[in-house]
Amino acid sequence: GAWGATGVIVGDLTITNLGGPPPGDDCAAAVAATLGAQPFDTTANTTSGLDGVCSTSTIHNDTFFTYTAASSLDHSFATCGSDIDTKVRVYDTDCAGACLAYNDDACAMSSGQNWASEAIVTLTAGQTVIVQVGGWGSGDAGTGSLTITELGGPPANDTCAGAVALAVGANPMDSTAATTSGEAGCTSVNKDLWFSYTAGRDGDHTFDTCAASGDSKMAVFDGA
């Protein structure tokens, strides 16, 4: 800024990154990932050249994540909805580990083309993997997200702590993979799902499963 007669600096302080690889640019600096979406931007990433025996296809401008499974289930590592044409490769344990899975085209990117990726791997609880994500070609760099999902496990609202917020009207549910929580209430409910609802107005409310298949029970708790 300009230095005035009063000794006051007027203007902006601008901070600029003048170099250095972004986090996750190489396998040794893999970024810790959790279940859900991990955003990425490979615009400034380099191409590591790391290949796997499940596919020696080059993944350009790649970024790396590390993930440790909490459950012994199939896991999906997907870039669906990303802005670039991607590839995904999964390694066991570390950068020198066995190549567990590779995928190029499996789902739609943001523009609608079926050029995003999904690799599905069976993991055991406590197992750590490295996930390599990047572009199909040398010009495929940009933004997206790696979404990690447990497949075949109980739904997110399988317990009271994971209750899903309800809205007035129909709310979809599927208790196929749910467990029985054993919470004490008005009645015992088997393979139960949990929801939360905050009233928007005073008055009587009905909660029903009339349109659902199967024989159901319901219990409503006040507050927590």
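The values are calculated or read from the model by the stated rules, or taken from the named source; none is laboratory data. Just so it is clear, the structure is predicted and the values come from calculations on it, not from any experiment. As a convention, Cβ positions derive from the backbone with ideal geometry for all residues, glycine included, and neighbour counts pool all protein chains shown. Areas reflect the complete protein model, heavy atoms only, side chains present, ligands, DNA and RNA absent. Shrake-Rupley method; radii C 1.70, N 1.55, O 1.52, S 1.80 Å.
Couple of notes before you dig in:
- Accessible surface area normalised per residue over the chain is 59 Å², counting heavy atoms of protein chains with a 1.4 Å rolling probe.
- Two-site label geometry, T176 and S196: point separation in nm, points 7 Å out along Cα→Cβ: 2.8 nm
- Chain lengthening between A70 and S57 when straightened (0.36 nm per residue, less Cα-Cα): 1.7 nm
- Only one item in (i) 41, 29, 17; (ii) 37, 20, 16; (iii) 27, 23, 17 matches semi-axes √(5λ) of the Cα gyration tensor in Å derived from the coordinates shown, and that item is (i).
- K191 contributes about 90 Å² of solvent-accessible surface, heavy atoms of the protein only, 1.4 Å probe.
- Scanning the chain for cysteines with no neighbouring cysteine C-beta under 4.7 angstrom from their C-beta gives C160, C186, C210.
- Close amide H partners of G81, meaning residues 5 or more places away or on another chain with modelled amide H under 5 Å apart, are A108, M109, S110.
- Protein accessible area in the chain, 1.4 Å probe - carbon and sulfur %: 54 percent
- Alpha carbon centroid spacing (whole Å) that separates segment 80-131 from segment 20-50: 13 Å
- Top of W136, W115, W194 by mean-square fluctuation, Gaussian network on the chain, Cα under 10 Å: W194
- Contour minus Cα-Cα distance for D105 and C186 (0.36 nm per residue): 24.2 nm
- In a fully extended conformation the segment linking Q113 and T206 would gain 29.2 nm over its present Cα-Cα distance, using 0.36 nm per residue.
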